[in-house]
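Step one of this worksheet: look at the structure below.
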Amino acid sequence: MLNRIYDFIKSEKLIVSGDTVICGLSGGADSVCLLMSLNMLSSKLGITVEALHVNHCLRGSESDRDEQFCRELCSRLGIEFTAVSCNVKKFAEENSLSTEEAARKLRYSIFHEHSAGKKLATAHNADDNLETVILNLTRGSALKGIAGIPPIRGNIIRPLLSVQRSEIEAFLSENSQNYVTDSTNLSNDYTRNKIRHNIVPLLRELNPSVTATSIKSISALREENSLIEKETQLAENKCRCNNTLCGLAEYHAVIRKRCAARLLTDNSLPYSAERLDSIDSIIVNGGKLNISGDIFMISDGNKLELVTISNDHMPLLCAELRIGDNSIFPERLMICELIPCDNLKKIEAVNNLLTSYVLDYDKIIGRAFVRNRRYGDKIRLSGRNFTSSVKKIINEKITSAERPYLHFIQDEQGTIFAEKIGIADRVTPDENTKNLLRITILNNIDRS
């Protein structure tokens with residue numbers, strides 16, 4: 001196993017002689033294996049190994065136990081150790097994040113702060129990579145997503161991506177090294193745990209070597225993705241000037257779409273596979289496409305340009321969705337509540353609240369925003385197999401006085417909620433729903 005880790009580090013150019021490598025050390029089997037492996041290979045690699053532990057303070061005495069375990073392990077191995085504590089619950093509340101996402105953001109912020117001028121190694125392994133690929137497939141992903149976890153991103157490296165979890169446990173057993181277990185890893189409350197505990201075992205019934213096979217497949221996909229990224233960069237260097245791309249139509253559709261995706265990302269604009277297909281169509285054929293609000297893509301068949309076309313009759317109002325109070329209109333308030341749910345009866349009970357709307361919080365894709373109505377808004381409503389024009393529904397059902405003050409929620413794949421209209425079909429609660437987002441609109445709010 002050590003030889004394979006060494007070969008992977010060299011082939012992916014993760015480390016050079018003279019580097020200081022900080023291991024993200026949780027105390028779990030993977031991170032303990034990472035620390036011990038790099039420590040054993042340190043002379044051969046010519047590196048200095050340190051350790052950094054982030055105490056999320058979420059599990060009381062269990063969290064403190066993990067920190068103490070890591071401290072004692074590093075003391076025994078003679079490795080410099082740093083522990084940092086953070087208040088995940090407070091950060092989650094202040095930033096309207098789930099506990100899992102808040103912990104991840106804080107952890108990587110601490111990693112960044114303490115690894116300046118050094119490499120930061122995380123313990124993602126081959127099983128983690130397979131789970132990530134499955135997760136990305138279920139959410140909808142192109143080649144970049146199903147190529148898995150990158151071995152290197154910035155100064156963050158993942159030396160264990162070619163190693164299976166079973167090999168890690170065998171290595172620790174052979175070296176008589178114990179480790180701690182995070183109790184939340186045993187629960188199915190998180191999507192990744194469901195994949196780990198339910199889906200992967202089913203795959204192993206079909207192929208007992210599925211993880212080993214995935215290592216080769218993911219490596220091949222990563223190679224192909226790397227080639228496409230290089231070709232995309234060459235095309236972008238030739239065609240792009242600020243928010244304009246010229247001559248892009250002569251390239252393959254894969255390159256065209258990636259250049260368009262980069263343009264949108266650089267302007268903090270969300271996109272989906274469907275949106276990129278629409279953009280690609282106007283790249284080749286010419287046309288105009290609304291991206292968000294007053295932002296449009298315009299193409300004459302040669303030049304693709306991202307432009308702003310203002311609409312004086314509809315001011316643009318937008319804010320990141322918060323759990324709690326959301327206010328974009330005077331005297332109107334949208335309250336979003338996160339409600340745990342373990343059965344459909346609860347969903348039905350909540351739906352009986354006439355002033356509220358309810359959707360599946362875990363089906364939201366990426367970041368979500370509350371905003372007012374936009375030109376070209378469309379929504380596929382719950383229970384329908386077709387997409388409707390919001391303008392047409394509004395003209396039929398809603399008075400002209402109400403129209404400018406309707407709340408909408410948009411995630412990275414489009415509109416998921418329209419006030420007085422309904423929720424999108426793809427966020428409808430079902431028997432697998434774990435967390436509901438209840439939306440309540442209040443009128444005539446006194447802000448004095």
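The values are calculated or read from the model by the stated rules, or taken from the named source; none is laboratory data. Values in this document were obtained by computation on a predicted structure and should not be read as measured data. Heads up, the Cβs are rebuilt from the backbone with ideal geometry, glycines too, and the neighbour counts pull from every protein chain shown. Quick note on the areas: whole protein, heavy atoms, side chains included, nothing else; ligands and nucleic acids left out. Shrake-Rupley method; radii C 1.70, N 1.55, O 1.52, S 1.80 Å.
Find which of I439, Q410, Y251 sits farthest along the positive direction of the dipole of the chain, computed with +1 on the beta-carbon of Lys and Arg, -1 on that of Asp and Glu, about the Cα centre.
Y251
Residue separation times 0.36 nm, minus the C-alpha to C-alpha distance between N395 and S382: what's the value?
2.7 nm
At 7 Å along the Cα-to-beta-carbon direction for both D266 and L2, put a label point, then send me their distance in nm to one decimal.
Simple spin-label model gives 4.7 nm for this pair.
Nearest 10 degrees, 0 to 90: what angle lies between the long axis of helix 165-174 and the longest principal axis of the chain (Cα atoms)?
Once rounded, one gets 20 degrees.
Suppose all protein chains stay in the model; what accessible area per residue would a 1.4 Å probe give for the chain, in Å²?
With all protein chains present, the chain gives 52 Å² per residue.
Counting only protein heavy atoms and using a 1.4 Å probe, what share of the accessible area of the chain belongs to carbon plus sulfur, as a whole percent?
Roughly 49 percent, rounded to a whole number.
So if we plug the beta-carbon distance of V284 and S226 into 1/(1 + (r/R0)^6) with R0 = 25 Å, what FRET efficiency do we get, rounded to 0.05?
Using R0 = 25 Å, I get an efficiency of 0.45.
Do you know the relative contact order of the stretch 198-342, to the nearest whole percent, from alpha carbon pairs under 8 angstrom that are 6+ apart?
Dividing the mean separation by the residue count of the stretch 198-342 yields 14 percent.
Pairs of alpha-carbon atoms within less than 8 angstrom and 6+ residues apart define the contacts here; what relative contact order does the chain have, in percent?
It rounds to 12 percent for the chain.
Non-local amide H neighbours of I291 (under 5 Å, H modeled in plane, Pro and chain starts lacking H): which ones?
Hits under the 5 Å cutoff: F296, M297.
Using θ = phi - 60° and the Karplus form 6.51 cos²θ - 1.76 cosθ + 1.60, what ³J(HN,Hα) does each residue of the stretch 384-396 get, whole Hz, x for Gly and Pro?
10, 10, 9, 9, 10, 6, 5, 4, 5, 5, 4, 4, 7
Mind checking which lysines have their C-alpha under 24 Å from K44, skipping anything on the same chain fewer than 8 residues away?
K10, K13, K118, K119
Can you compute the equivalent ellipsoid semi-axes for the stretch 47-91, i.e. the square root of 5 times each eigenvalue of the Cα gyration tensor, sorted largest first and rounded to whole Å?
Largest first, the stretch 47-91 gives 23, 12, 5 Å.
Report the FRET efficiency, 1/(1 + (r/R0)^6), for S85 and E274, where r is their Cβ-Cβ distance and R0 is 56 Å, rounded to 0.05.
After rounding to 0.05, the efficiency reads 0.80.
Could you size up the charge dipole of the chain around its Cα centre, putting +1 on the beta carbon of Lys and Arg and -1 on that of Asp and Glu, and report it in debye to the nearest 20?
Charge dipole, the chain, about its Cα centre: 800 debye, nearest 20.
Round to the nearest 10 and give me the degree value, 0 to 90, for the angle of helix 273-285's Cα axis relative to the longest principal axis of the chain.
It works out to around 70 degrees.
Would you kindly find the accessible area of R367, with a 1.4 Å probe and non-protein molecules such as ligands, DNA and RNA excluded, rounding to the nearest 10 Å²?
R367 has an accessible surface of roughly 130 Å² with all protein chains in place.
Of S173, P150, A103, which is farthest towards the positive pole of the stretch 76-214's charge dipole, taken about the Cα centre with +1 and -1 on the beta-carbons of Lys, Arg and Asp, Glu respectively?
Going by the charge dipole, the pick is P150.
How big is the dipole moment of the stretch 1-60 about its Cα centre under a simple scheme where the beta carbon of each Lys and Arg is +1, that of each Asp and Glu is -1, and everything else is neutral? Debye, nearest 20, please.
Its charge dipole is roughly 80 debye.
Once you sort the root eigenvalues of the Cα gyration tensor of the stretch 1-156 as a ≥ b ≥ c, which label holds: rounded (a/c under 1.5), prolate (a/b larger than b/c) or oblate (the other case)?
Cα axes put the stretch 1-156 in the oblate bin.
In nm, to one decimal, how far is the modelled label at R104 from the one at A170, with both set 7 Å along Cα→Cβ?
About 3.1 nm, to one decimal.
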